[in-house]
Amino acid sequence: MNAGLQHGAAGGDTPQVARGLEGIVAAATQIAEVDGERGRLTFRGYDIGELAGRVTFEEVCYLLWHGRLPGQAEYDALRAEMSGARQLPAPALAALRELAPHADGMHILRMGASTLSLGDADIDRMDVEANQRRAARLQAQMPALVAHAYRLKNGQDIVQPKAEHGVAQGFLYMLEGEEPEPARVDALNAYLVAVSEHGLNASTFTGRVVISTNSDMVSALTAAICSLKGPRHGGVPGPVLKMLGEIGSADKAEAYIRRELTEGRRIMGFGHRIYKVRDPRGAFLSEAAEKMASITGDPSLLALTKAVEETTVRVLAEVKPGRDLYANVELFAALILHSVGVPSELFTPIFAIGRTAGWTAHMIEQMEETKIIRPESVYVGPRGLTWKPLSER
Ligand code: COA
(Lines give C-alpha, C1' and ligand atoms only; values in the text may rest on other atoms or scores of the structure.)
Protein backbone atom coordinates (compact mmCIF):
# COMPACT_ATOMS: atom_id res chain seq x y z
CA MET A 1 0.00 0.00 0.00
CA ASN A 2 1.23 3.48 -0.77
CA ALA A 3 2.45 5.42 2.31
CA GLY A 4 -0.20 8.09 1.76
CA LEU A 5 -3.14 5.68 1.55
CA GLN A 6 -5.21 5.17 4.67
CA HIS A 7 -8.44 3.36 5.35
CA GLY A 8 -11.59 5.46 5.71
CA ALA A 9 -12.85 5.86 9.27
CA ALA A 10 -15.52 3.19 8.85
CA GLY A 11 -12.81 0.63 7.84
CA GLY A 12 -13.86 -2.59 6.09
CA ASP A 13 -14.90 -2.03 2.50
CA THR A 14 -14.67 1.77 2.51
CA PRO A 15 -12.42 3.19 -0.19
CA GLN A 16 -8.95 4.24 0.88
CA VAL A 17 -8.05 7.91 1.33
CA ALA A 18 -4.74 9.23 0.03
CA ARG A 19 -4.06 11.92 2.63
CA GLY A 20 -2.74 15.00 0.87
CA LEU A 21 -3.05 12.97 -2.37
CA GLU A 22 0.39 11.61 -1.50
CA GLY A 23 1.56 9.07 -4.04
CA ILE A 24 -1.33 9.75 -6.44
CA VAL A 25 -0.30 10.35 -10.05
CA ALA A 26 -2.82 12.90 -11.35
CA ALA A 27 -1.24 14.00 -14.65
CA ALA A 28 1.16 12.87 -17.34
CA THR A 29 3.39 15.80 -18.17
CA GLN A 30 6.21 16.58 -20.58
CA ILE A 31 7.14 19.78 -18.76
CA ALA A 32 9.29 18.76 -15.77
CA GLU A 33 10.56 15.70 -13.98
CA VAL A 34 11.12 15.90 -10.23
CA ASP A 35 13.14 12.93 -8.99
CA GLY A 36 12.88 13.09 -5.22
CA GLU A 37 15.08 10.10 -4.47
CA ARG A 38 18.06 11.21 -6.51
CA GLY A 39 17.48 14.95 -6.07
CA ARG A 40 17.19 15.72 -9.77
CA LEU A 41 15.04 18.27 -11.55
CA THR A 42 14.72 18.44 -15.32
CA PHE A 43 12.81 20.91 -17.52
CA ARG A 44 11.70 19.44 -20.87
CA GLY A 45 14.61 16.99 -20.70
CA TYR A 46 17.31 19.47 -19.56
CA ASP A 47 18.79 18.92 -16.12
CA ILE A 48 18.47 22.14 -14.12
CA GLY A 49 22.26 22.07 -13.63
CA GLU A 50 22.67 22.15 -17.41
CA LEU A 51 20.59 25.33 -17.64
CA ALA A 52 21.56 27.16 -14.44
CA GLY A 53 23.84 30.12 -15.01
CA ARG A 54 23.56 29.76 -18.81
CA VAL A 55 20.04 30.82 -19.68
CA THR A 56 17.86 33.83 -19.11
CA PHE A 57 14.48 33.49 -17.47
CA GLU A 58 12.83 34.31 -20.81
CA GLU A 59 14.62 31.38 -22.48
CA VAL A 60 13.24 29.10 -19.78
CA CYS A 61 9.75 30.55 -20.31
CA TYR A 62 10.01 29.70 -23.99
CA LEU A 63 11.29 26.22 -23.17
CA LEU A 64 8.42 25.55 -20.77
CA TRP A 65 5.72 26.93 -23.09
CA HIS A 66 6.99 25.57 -26.41
CA GLY A 67 8.92 22.46 -25.42
CA ARG A 68 12.32 23.53 -26.73
CA LEU A 69 14.86 26.30 -26.23
CA PRO A 70 14.32 29.26 -28.58
CA GLY A 71 16.53 30.18 -31.52
CA GLN A 72 17.79 33.78 -31.64
CA ALA A 73 14.84 35.10 -33.70
CA GLU A 74 12.31 33.33 -31.47
CA TYR A 75 14.06 34.66 -28.38
CA ASP A 76 14.11 38.23 -29.70
CA ALA A 77 10.43 37.96 -30.65
CA LEU A 78 9.49 36.71 -27.17
CA ARG A 79 11.46 39.51 -25.47
CA ALA A 80 9.78 42.08 -27.71
CA GLU A 81 6.35 40.56 -27.09
CA MET A 82 6.90 40.57 -23.32
CA SER A 83 8.32 44.07 -23.13
CA GLY A 84 5.35 45.34 -25.19
CA ALA A 85 2.90 43.61 -22.86
CA ARG A 86 4.11 44.95 -19.51
CA GLN A 87 1.73 47.88 -19.34
CA LEU A 88 -1.23 46.95 -17.19
CA PRO A 89 -4.66 47.57 -18.73
CA ALA A 90 -5.85 51.06 -17.67
CA PRO A 91 -8.73 49.82 -15.44
CA ALA A 92 -6.39 47.24 -13.85
CA LEU A 93 -3.90 49.99 -13.00
CA ALA A 94 -6.73 52.19 -11.69
CA ALA A 95 -7.89 49.33 -9.44
CA LEU A 96 -4.33 48.77 -8.23
CA ARG A 97 -3.95 52.46 -7.36
CA GLU A 98 -7.14 52.20 -5.32
CA LEU A 99 -6.35 48.88 -3.59
CA ALA A 100 -2.57 48.85 -3.09
CA PRO A 101 -2.48 51.32 -0.19
CA HIS A 102 -4.76 48.94 1.78
CA ALA A 103 -3.17 45.54 1.13
CA ASP A 104 0.25 44.08 0.58
CA GLY A 105 2.20 40.95 -0.34
CA MET A 106 0.22 38.06 -1.73
CA HIS A 107 -3.10 39.72 -0.88
CA ILE A 108 -2.63 42.56 -3.33
CA LEU A 109 -1.06 40.22 -5.89
CA ARG A 110 -4.17 38.00 -5.74
CA MET A 111 -6.46 40.99 -6.29
CA GLY A 112 -4.25 42.45 -8.99
CA ALA A 113 -3.89 39.18 -10.91
CA SER A 114 -7.65 38.80 -11.09
CA THR A 115 -7.87 42.11 -12.99
CA LEU A 116 -5.56 40.92 -15.79
CA SER A 117 -8.51 39.63 -17.82
CA LEU A 118 -9.66 43.23 -18.30
CA GLY A 119 -9.32 44.21 -21.93
CA ASP A 120 -8.72 40.60 -23.03
CA ALA A 121 -11.55 40.10 -25.49
CA ASP A 122 -10.59 36.45 -26.12
CA ILE A 123 -10.11 35.50 -22.49
CA ASP A 124 -12.26 32.36 -22.80
CA ARG A 125 -10.45 31.00 -25.88
CA MET A 126 -8.95 27.67 -24.92
CA ASP A 127 -6.69 26.96 -27.91
CA VAL A 128 -2.99 26.45 -27.34
CA GLU A 129 -1.63 29.26 -29.54
CA ALA A 130 -3.84 31.95 -28.03
CA ASN A 131 -2.81 30.78 -24.59
CA GLN A 132 0.90 30.68 -25.40
CA ARG A 133 0.53 34.39 -26.25
CA ARG A 134 -1.59 34.96 -23.13
CA ALA A 135 1.07 33.21 -21.00
CA ALA A 136 3.73 35.62 -22.34
CA ARG A 137 1.49 38.62 -21.61
CA LEU A 138 0.66 37.49 -18.08
CA GLN A 139 4.30 36.64 -17.42
CA ALA A 140 5.23 40.17 -18.49
CA GLN A 141 2.52 41.77 -16.35
CA MET A 142 3.23 39.89 -13.10
CA PRO A 143 6.48 41.79 -12.30
CA ALA A 144 4.69 45.07 -13.09
CA LEU A 145 1.89 44.15 -10.67
CA VAL A 146 4.30 43.31 -7.86
CA ALA A 147 6.54 46.34 -8.36
CA HIS A 148 3.72 48.86 -8.89
CA ALA A 149 1.73 47.59 -5.89
CA TYR A 150 4.79 47.86 -3.64
CA ARG A 151 5.52 51.44 -4.70
CA LEU A 152 1.89 52.50 -4.41
CA LYS A 153 1.67 50.96 -0.94
CA ASN A 154 4.70 53.02 0.03
CA GLY A 155 3.29 56.28 -1.31
CA GLN A 156 5.43 56.36 -4.48
CA ASP A 157 4.21 56.54 -8.04
CA ILE A 158 4.78 53.68 -10.44
CA VAL A 159 7.82 53.40 -12.71
CA GLN A 160 7.36 52.05 -16.24
CA PRO A 161 10.20 49.78 -17.39
CA LYS A 162 12.33 50.48 -20.43
CA ALA A 163 11.57 48.51 -23.56
CA GLU A 164 15.05 46.93 -23.62
CA HIS A 165 14.74 45.46 -20.10
CA GLY A 166 14.22 41.76 -19.61
CA VAL A 167 12.10 40.36 -16.78
CA ALA A 168 14.69 40.46 -13.97
CA GLN A 169 16.16 43.85 -14.89
CA GLY A 170 12.75 45.35 -15.61
CA PHE A 171 11.35 44.18 -12.28
CA LEU A 172 14.18 45.75 -10.25
CA TYR A 173 13.95 48.94 -12.31
CA MET A 174 10.17 49.20 -11.82
CA LEU A 175 10.62 48.53 -8.11
CA GLU A 176 13.44 51.00 -7.47
CA GLY A 177 13.30 53.51 -10.30
CA GLU A 178 17.04 53.14 -10.99
CA GLU A 179 19.15 50.93 -13.24
CA PRO A 180 20.01 47.86 -11.11
CA GLU A 181 23.61 46.61 -10.94
CA PRO A 182 24.20 43.70 -13.38
CA ALA A 183 25.18 41.34 -10.53
CA ARG A 184 21.79 41.81 -8.87
CA VAL A 185 20.03 41.23 -12.19
CA ASP A 186 22.02 38.00 -12.70
CA ALA A 187 21.23 36.76 -9.19
CA LEU A 188 17.51 37.48 -9.59
CA ASN A 189 17.56 35.84 -13.01
CA ALA A 190 19.15 32.72 -11.43
CA TYR A 191 16.42 32.69 -8.80
CA LEU A 192 13.59 33.06 -11.33
CA VAL A 193 15.02 30.20 -13.42
CA ALA A 194 15.31 28.05 -10.28
CA VAL A 195 11.69 28.47 -9.23
CA SER A 196 10.09 28.66 -12.67
CA GLU A 197 8.71 25.13 -12.61
CA HIS A 198 8.42 22.18 -10.26
CA GLY A 199 5.99 19.53 -11.40
CA LEU A 200 2.58 19.03 -9.84
CA ASN A 201 3.04 21.06 -6.66
CA ALA A 202 -0.04 22.45 -4.88
CA SER A 203 -0.31 25.72 -6.84
CA THR A 204 0.33 24.10 -10.22
CA PHE A 205 -2.24 21.43 -9.43
CA THR A 206 -4.69 24.17 -8.43
CA GLY A 207 -4.15 25.92 -11.76
CA ARG A 208 -4.64 22.67 -13.67
CA VAL A 209 -7.86 21.92 -11.77
CA VAL A 210 -9.27 25.33 -12.72
CA ILE A 211 -8.30 24.92 -16.39
CA SER A 212 -9.76 21.41 -16.44
CA THR A 213 -13.20 22.95 -15.94
CA ASN A 214 -12.66 24.96 -19.16
CA SER A 215 -12.34 28.14 -17.13
CA ASP A 216 -9.65 30.61 -18.26
CA MET A 217 -5.96 31.30 -17.69
CA VAL A 218 -6.44 34.44 -15.57
CA SER A 219 -8.82 32.59 -13.23
CA ALA A 220 -6.35 29.71 -13.00
CA LEU A 221 -3.43 32.10 -12.38
CA THR A 222 -5.34 33.82 -9.58
CA ALA A 223 -6.20 30.47 -8.00
CA ALA A 224 -2.57 29.33 -8.26
CA ILE A 225 -1.44 32.50 -6.48
CA CYS A 226 -3.91 31.78 -3.66
CA SER A 227 -2.46 28.30 -3.32
CA LEU A 228 1.17 29.44 -3.35
CA LYS A 229 0.60 31.88 -0.49
CA GLY A 230 0.52 29.35 2.36
CA PRO A 231 3.61 28.57 4.44
CA ARG A 232 3.43 24.89 3.52
CA HIS A 233 4.15 25.95 -0.06
CA GLY A 234 5.57 29.32 -1.11
CA GLY A 235 4.92 31.53 1.87
CA VAL A 236 8.13 30.60 3.62
CA PRO A 237 11.17 32.62 2.50
CA GLY A 238 10.11 35.65 4.57
CA PRO A 239 9.79 33.48 7.72
CA VAL A 240 13.12 31.77 6.85
CA LEU A 241 14.86 35.14 6.85
CA LYS A 242 13.15 36.02 10.12
CA MET A 243 14.36 32.73 11.61
CA LEU A 244 17.94 33.37 10.46
CA GLY A 245 17.71 36.81 12.04
CA GLU A 246 16.48 35.33 15.33
CA ILE A 247 19.25 32.72 15.36
CA GLY A 248 21.77 35.49 14.73
CA SER A 249 24.98 33.44 14.87
CA ALA A 250 26.04 29.88 14.09
CA ASP A 251 26.72 28.99 17.75
CA LYS A 252 23.07 29.68 18.64
CA ALA A 253 21.61 27.52 15.85
CA GLU A 254 21.43 24.21 17.67
CA ALA A 255 19.66 25.53 20.78
CA TYR A 256 17.19 27.47 18.60
CA ILE A 257 16.34 24.49 16.37
CA ARG A 258 15.95 22.12 19.34
CA ARG A 259 13.67 24.60 21.12
CA GLU A 260 11.47 25.03 18.02
CA LEU A 261 11.09 21.26 17.66
CA THR A 262 10.43 20.73 21.38
CA GLU A 263 7.68 23.35 21.20
CA GLY A 264 6.14 21.47 18.26
CA ARG A 265 7.00 23.93 15.49
CA ARG A 266 8.35 23.05 12.07
CA ILE A 267 11.61 24.47 10.84
CA MET A 268 10.90 26.69 7.86
CA GLY A 269 12.88 25.90 4.73
CA PHE A 270 13.22 22.18 5.56
CA GLY A 271 11.30 19.10 4.45
CA HIS A 272 9.64 18.36 1.13
CA ARG A 273 6.91 16.07 -0.10
CA ILE A 274 8.97 14.81 -3.02
CA TYR A 275 12.65 15.42 -2.19
CA LYS A 276 14.11 12.99 0.29
CA VAL A 277 17.55 14.49 -0.28
CA ARG A 278 18.84 18.08 -0.52
CA ASP A 279 16.85 20.16 -3.00
CA PRO A 280 18.88 20.23 -6.25
CA ARG A 281 18.17 23.94 -6.67
CA GLY A 282 20.09 24.56 -3.44
CA ALA A 283 23.48 24.02 -5.07
CA PHE A 284 23.25 26.67 -7.74
CA LEU A 285 21.29 29.15 -5.64
CA SER A 286 24.07 28.89 -3.04
CA GLU A 287 26.57 29.49 -5.85
CA ALA A 288 24.63 32.57 -6.97
CA ALA A 289 24.54 33.76 -3.35
CA GLU A 290 28.29 33.20 -3.06
CA LYS A 291 28.85 35.32 -6.16
CA MET A 292 26.69 38.07 -4.68
CA ALA A 293 28.52 37.84 -1.35
CA SER A 294 31.88 38.25 -3.09
CA ILE A 295 30.55 41.40 -4.77
CA THR A 296 28.87 42.92 -1.72
CA GLY A 297 31.74 41.84 0.54
CA ASP A 298 29.21 40.53 3.08
CA PRO A 299 29.31 36.75 3.37
CA SER A 300 27.73 36.72 6.85
CA LEU A 301 24.22 35.56 5.91
CA LEU A 302 25.66 32.94 3.57
CA ALA A 303 27.87 31.54 6.35
CA LEU A 304 24.98 31.58 8.82
CA THR A 305 22.66 29.81 6.34
CA LYS A 306 25.26 27.08 5.76
CA ALA A 307 25.67 26.57 9.51
CA VAL A 308 21.90 26.51 10.09
CA GLU A 309 21.46 23.97 7.28
CA GLU A 310 24.15 21.65 8.66
CA THR A 311 22.77 21.90 12.21
CA THR A 312 19.11 21.54 11.27
CA VAL A 313 19.65 18.48 9.07
CA ARG A 314 21.64 16.82 11.88
CA VAL A 315 19.09 17.66 14.59
CA LEU A 316 16.09 16.67 12.43
CA ALA A 317 17.75 13.31 11.67
CA GLU A 318 18.02 12.75 15.42
CA VAL A 319 14.59 14.10 16.51
CA LYS A 320 12.60 12.94 13.46
CA PRO A 321 14.50 9.83 12.31
CA GLY A 322 13.47 8.24 9.02
CA ARG A 323 11.59 11.29 7.72
CA ASP A 324 14.48 12.33 5.44
CA LEU A 325 14.21 16.05 6.11
CA TYR A 326 16.64 18.26 4.20
CA ALA A 327 16.82 21.88 3.14
CA ASN A 328 14.27 22.89 0.52
CA VAL A 329 14.44 25.67 -2.08
CA GLU A 330 12.95 28.23 0.32
CA LEU A 331 16.05 28.28 2.52
CA PHE A 332 18.16 29.34 -0.45
CA ALA A 333 15.42 31.61 -1.83
CA ALA A 334 15.58 33.68 1.33
CA LEU A 335 19.36 33.88 1.01
CA ILE A 336 19.44 34.92 -2.63
CA LEU A 337 16.53 37.36 -2.48
CA HIS A 338 18.01 39.01 0.59
CA SER A 339 21.34 39.36 -1.18
CA VAL A 340 19.59 40.90 -4.22
CA GLY A 341 18.26 43.41 -1.72
CA VAL A 342 14.51 43.09 -2.26
CA PRO A 343 12.18 43.63 0.72
CA SER A 344 11.25 40.39 2.49
CA GLU A 345 7.49 41.00 2.11
CA LEU A 346 8.06 40.62 -1.64
CA PHE A 347 9.77 37.21 -1.41
CA THR A 348 6.63 35.17 -2.04
CA PRO A 349 5.24 37.54 -4.72
CA ILE A 350 8.61 37.24 -6.51
CA PHE A 351 8.32 33.46 -6.25
CA ALA A 352 4.93 33.86 -7.97
CA ILE A 353 6.56 35.88 -10.78
CA GLY A 354 8.98 33.02 -11.45
CA ARG A 355 6.42 30.24 -11.08
CA THR A 356 3.98 31.92 -13.50
CA ALA A 357 6.10 30.36 -16.27
CA GLY A 358 5.50 26.82 -15.01
CA TRP A 359 1.90 27.44 -14.01
CA THR A 360 0.96 28.70 -17.45
CA ALA A 361 2.89 25.89 -19.19
CA HIS A 362 0.86 23.36 -17.18
CA MET A 363 -2.36 25.21 -17.98
CA ILE A 364 -1.59 24.98 -21.69
CA GLU A 365 -0.80 21.28 -21.33
CA GLN A 366 -4.02 20.73 -19.37
CA MET A 367 -6.06 22.40 -22.14
CA GLU A 368 -5.29 19.44 -24.37
CA GLU A 369 -6.90 17.07 -21.85
CA THR A 370 -10.65 16.90 -22.20
CA LYS A 371 -11.40 15.21 -18.90
CA ILE A 372 -12.24 17.38 -15.88
CA ILE A 373 -10.13 16.80 -12.72
CA ARG A 374 -12.63 15.53 -10.23
CA PRO A 375 -11.46 13.16 -7.49
CA GLU A 376 -13.80 11.47 -5.05
CA SER A 377 -14.30 11.68 -1.33
CA VAL A 378 -15.47 8.96 1.00
CA TYR A 379 -18.29 9.92 3.35
CA VAL A 380 -17.43 9.07 6.97
CA GLY A 381 -20.13 11.07 8.82
CA PRO A 382 -23.38 9.90 10.42
CA ARG A 383 -26.28 8.45 8.43
CA GLY A 384 -30.02 7.97 8.86
CA LEU A 385 -30.69 11.05 11.02
CA THR A 386 -34.28 12.23 11.27
CA TRP A 387 -35.49 15.81 11.15
CA LYS A 388 -36.97 17.59 14.20
CA PRO A 389 -38.66 20.98 14.19
CA LEU A 390 -36.47 23.92 15.22
CA SER A 391 -38.22 24.22 18.59
CA GLU A 392 -37.27 20.63 19.51
CA ARG A 393 -33.55 20.69 18.62
N1 COA B 1 10.40 20.71 10.59
C2 COA B 1 10.13 19.76 11.49
N3 COA B 1 9.48 18.60 11.22
C4 COA B 1 9.08 18.45 9.94
C5 COA B 1 9.31 19.40 8.95
C6 COA B 1 10.00 20.57 9.31
N7 COA B 1 10.27 21.54 8.44
N8 COA B 1 8.78 18.97 7.77
C9 COA B 1 8.23 17.78 8.03
N10 COA B 1 8.41 17.45 9.34
C11 COA B 1 7.98 16.24 10.01
C12 COA B 1 6.51 16.31 10.37
O13 COA B 1 6.32 16.89 11.64
C14 COA B 1 6.11 14.85 10.32
O15 COA B 1 6.55 14.26 11.51
P16 COA B 1 5.71 13.08 12.20
O17 COA B 1 5.96 11.88 11.35
O18 COA B 1 6.32 12.99 13.57
O19 COA B 1 4.27 13.50 12.21
C20 COA B 1 6.96 14.30 9.17
O21 COA B 1 8.11 15.15 9.09
C22 COA B 1 6.24 14.29 7.83
O23 COA B 1 5.61 15.55 7.64
P24 COA B 1 4.41 15.77 6.60
O25 COA B 1 3.71 17.05 6.93
O26 COA B 1 3.59 14.53 6.54
O27 COA B 1 5.24 15.90 5.27
P28 COA B 1 4.73 16.47 3.88
O29 COA B 1 5.61 15.86 2.85
O30 COA B 1 3.27 16.34 3.74
O31 COA B 1 5.05 18.04 4.03
C32 COA B 1 6.08 20.16 3.86
C33 COA B 1 5.98 18.73 3.28
C34 COA B 1 6.96 20.99 2.94
C35 COA B 1 4.69 20.81 3.96
C36 COA B 1 6.74 20.09 5.28
O37 COA B 1 8.02 19.50 5.18
C38 COA B 1 6.81 21.45 5.97
O39 COA B 1 5.83 21.89 6.59
N40 COA B 1 8.01 22.14 5.88
C41 COA B 1 8.16 23.43 6.53
C42 COA B 1 7.60 24.54 5.66
C43 COA B 1 8.40 24.74 4.39
O44 COA B 1 9.62 24.77 4.38
N45 COA B 1 7.68 24.93 3.29
C46 COA B 1 8.25 25.15 1.98
C47 COA B 1 8.06 23.95 1.11
S48 COA B 1 8.99 24.07 -0.40
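General observations
- Cβ charges +1 (Lys, Arg) and -1 (Asp, Glu), total dipole of the chain, debye: 1200
- Approximating the spin labels as points 7 Å out from Cα along Cα→Cβ, the residue 379-to-residue 266 distance works out to 3.2 nm.
- Each of residue 156 and residue 310 was given a label point 7 Å from its Cα along the Cα-to-Cβ line. The distance between the two points is 3.8 nm.
- The range 237-339 pair-distance distribution - Cα-Cα, 10 Å bins, rounded %: 16, 50, 29, 5
- Net lengthening on full extension, residue 242/residue 163 (0.36 nm per residue, minus Cα-Cα): 24.8 nm
- When the chain is treated as a GNM with alpha-carbon contacts under 10 Å, the residue of 67, 341, 381 showing the greatest mean-square fluctuation is 381.
- Applying a threshold of 25 Å to the alpha-carbon distances of 276/320; 153/242; 229/276; 291/320 flags 291/320 as lying beyond it.
- Kirkwood-type radius of the chain, with distances r between different C-alpha atoms, in Å: 22.3
- Exposed loop sites, defined as GluC sites (Glu not before Pro) outside DSSP H, G, I, E and B with at most 14 other Cβ atoms within 10 Å, are absent from the longest region of the chain, namely 38-163.
- 1.4 Å probe accessible area per residue over the chain, in Å²: 48
- Whole-Hz couplings from phi, Karplus 6.51/-1.76/1.60, listed for the range 177-190; x for Gly and Pro: x, 9, 4, x, 5, x, 5, 5, 4, 4, 5, 5, 4, 4
- In order along the range 239-254, the Karplus-derived 3J(HN,Hα) couplings, from 6.51 cos²θ - 1.76 cosθ + 1.60 at θ = phi - 60°, round to x, 4, 5, 4, 4, 4, x, 5, 5, x, 8, 3, 5, 9, 4, 4 Hz, and Gly and Pro are given as x.
- Full-stretch length increase - residue 133, residue 73 - with 0.36 nm per residue and alpha-carbon distance subtracted: 20.0 nm
- Label-point separation, residue 318 to residue 90 (7 Å along Cα→Cβ), nm: 6.5
- Build a GNM of the chain with springs between Cα atoms under 10 Å apart, and of 339, 300, 249 the one that fluctuates most is 300.
- GNM on the chain, alpha-carbon springs under 10 angstrom: the most fluctuating residue among 119, 199, 170 is 119.
The values are calculated or read from the model by the stated rules, or taken from the named source; none is laboratory data. It should be emphasised that the depicted structure is a prediction, and the values quoted were computed from it without experimental measurement. Every residue, glycine among them, receives a Cβ derived from its backbone with ideal geometry; neighbour counts consider all protein chains shown. Surface areas here come from the heavy atoms of the whole protein model, side chains and all, with no ligands, DNA or RNA. Shrake-Rupley method; radii C 1.70, N 1.55, O 1.52, S 1.80 Å.
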